[in-house]
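Here is the structure we will look at, set down as structure tokens.
The values are calculated or read from the model by the stated rules, or taken from the named source; none is laboratory data. Computed from a prediction, not measured in an experiment: that's the story for all the values here. As a convention, Cβ positions derive from the backbone with ideal geometry for all residues, glycine included, and neighbour counts pool all protein chains shown.
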Amino acid sequence: MNSSVSSTFRLIGAGLRALLVLTVICGVIYPLAVTGIAQAVFNDKANGSEIKDKDGQVVGSSLIGQTYNLPKKDPNDAEEAVKPDLKWFQPRPSNGLGSNSVNTRYSLILSGATNRSADNGAVNGKCTDQAEEGTLCAQVIAAKDAVIADNSTTGHTVKPQDVPADAVTSSGSGLDPEISPEYAKLQIHRVAEQNKLDVQQVEKLVADHTTGRTLGFMGEPRVNVLELNIALKALSKS
């Protein structure tokens with residue numbers, strides 16, 4: 001009996017020592033080592049890829065899209081339509097799932113897609129004005145009409161064939177921070193007019209903030225909207 005009790009206590013003691021050692025290694029040493037390496041080698045990414053304005057204030061992350069809308073007349077009116085602030089470059093349509101109170105400039109923080117097929121709402125295989133309300137085709141047509149209306153200015157009319165896909169469809173995550181160079185260029189005349197800038201100035205701004213394919217062959221050229229708008233703000237005040 002005494003031998004059995006002694007063996008039990010030894011096993012319990014061994015287990016407690018193992019628990020203590022593993023807790024120190026896995027719960028203290030390993031996290032501190034990983035955090036230290038991340039801060040030393042990948043400081044920017046480890047801290048959320050934050051973007052700061054010229055005053056050093058954090059205004060967002062390069063990995064998460066933001067909206068640039070006019071404030072509602074009544075913030076509590078859920079039925080009031082949200083209108084884009086046309087002095088800024090606009091991002092892709094957002095389509096997240098759920099809302100939050102942290103990043104209020106981009107209320108849809110839980111990523112997700114509609115999961116609708118490409119022909120959802122199509123009539124005879126084509127998206128037309130007859131598409132049923134709430135379908136993907138109806139959303140795309142409405143978005144396309146809005147893009148054409150918003151970006152057509154005095155002396156410059158946007159043609160339907162000039163509207164790229166990312167201007168009227170959300171990304172798979174719903175939080176894409178980047179747009180295609182084609183969509184950025186489509187907005188140049190409107191942004192120049194709204195901010196009283198020369199078109200050539202805004203064209204150069206877009207060109208300077210266009211990133212090519214990763215390693216020259218992966219992905220597509222892209223423009224980070226937040227970084228572009230920060231540069232636009234600085235240019236407008238210069």
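Within the bounds of the range 214-223, is there any residue that is surrounded by 15 or more Cβ atoms within 10 Å (Cβ to Cβ), within 21 Å of D85 (Cβ to Cβ) and not hydrophobic (A, V, I, L, M, F, W, C)?
No, there is no match, as no residue in the range 214-223 is surrounded by 15 or more Cβ atoms within 10 Å (Cβ to Cβ), within 21 Å of D85 (Cβ to Cβ) and not hydrophobic (A, V, I, L, M, F, W, C).
For every residue, the table says whether it meets (1) in a helix (DSSP H, G or I); (2) surrounded by fewer than 10 Cβ atoms within 10 Å (Cβ to Cβ); (3) of a type in the set (A, V, I, L, M); (4) assigned by TED's automatic domain parsing to the domain that holds D176.
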| position | (1), (2), (3), (4) |
| --- | --- |
| S7 | yes, no, no, no |
| A18 | yes, no, yes, no |
| L22 | yes, no, yes, no |
| T35 | yes, no, no, no |
| A38 | yes, no, yes, no |
| G56 | no, yes, no, yes |
| G60 | no, no, no, yes |
| I64 | no, no, yes, yes |
| T67 | no, no, no, yes |
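Out of all the residues in the range 39-51, is one or more β-branched (V, I, T) and touching a residue at least 60 places away in the same chain (Cβ under 8 Å)?
yes
Are any residues in the range 148-188 assigned to a helix (DSSP H, G or I), closer than 26 Å to D129 by Cβ and touching a Ser or Thr at 6+ places or on another chain (Cβ under 6 Å), and if so, which ones?
D166 - this is the single residue of the range 148-188 that is assigned to a helix (DSSP H, G or I), closer than 26 Å to D129 by Cβ and touching a Ser or Thr at 6+ places or on another chain (Cβ under 6 Å).
Mind checking which pairs have a first residue in the range 211-238 that is without any contact (Cβ under 8 Å) to a residue 60 or more places away in the chain and within 18 Å of P164 (Cα to Cα) and a second that is in a loop (DSSP other than H, G, I, E, B) and of a type in the set (K, R), Cβ under 8 Å, 6 or more apart or different chains?
G219/R213; E220/R213; P221/R213
Being in contact (Cβ under 8 Å) with a residue 60 or more places away in the chain, buried (at least 20 other Cβ atoms within 10 Å of the Cβ), out of contact with any His (no Cβ under 8 Å at 6 or more places or on another chain) and charged (D, E, K, R) narrows it down to one of D150, D176, so name that one. Talk me through it step by step, then tell me what you get.
Values: D150 fails: buried (at least 20 other Cβ atoms within 10 Å of the Cβ).
Criteria check complete, one pass: D176.
What number of residues within the range 39-70 are β-branched (V, I, T) and closer than 18 Å to L235 by Cα? Spell out how you get there, then give the answer.
Looking only at the range 39-70, we keep the residues that are β-branched (V, I, T), and these are 41, 51, 58-59, 64, 67.
If we keep only those that are closer than 18 Å to L235 by Cα as well, we get 51, 59.
Number satisfying all stated conditions: 2.
Here's the yes/no breakdown for (1) among the hydroxyl-bearing types (S, T, Y); (2) under 25 Å from K52 (Cβ atoms):
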residue	(1), (2)
S180	yes, no
R190	no, no
E193	no, no
D198	no, no
L205	no, yes
P221	no, yes
L228	no, yes
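Condition first: of a type in the set (D, E) and more than 21 Å from the chain's Cα centre (by Cα). Now tell me which residues in the range 39-82 satisfy that. Full working, then the answer.
Taking the range 39-82 first, the residues of a type in the set (D, E) are 44, 50, 53, 55, 74, 77, 79-80.
Matches in the range 39-82: D55, D74, D77, E79, E80.
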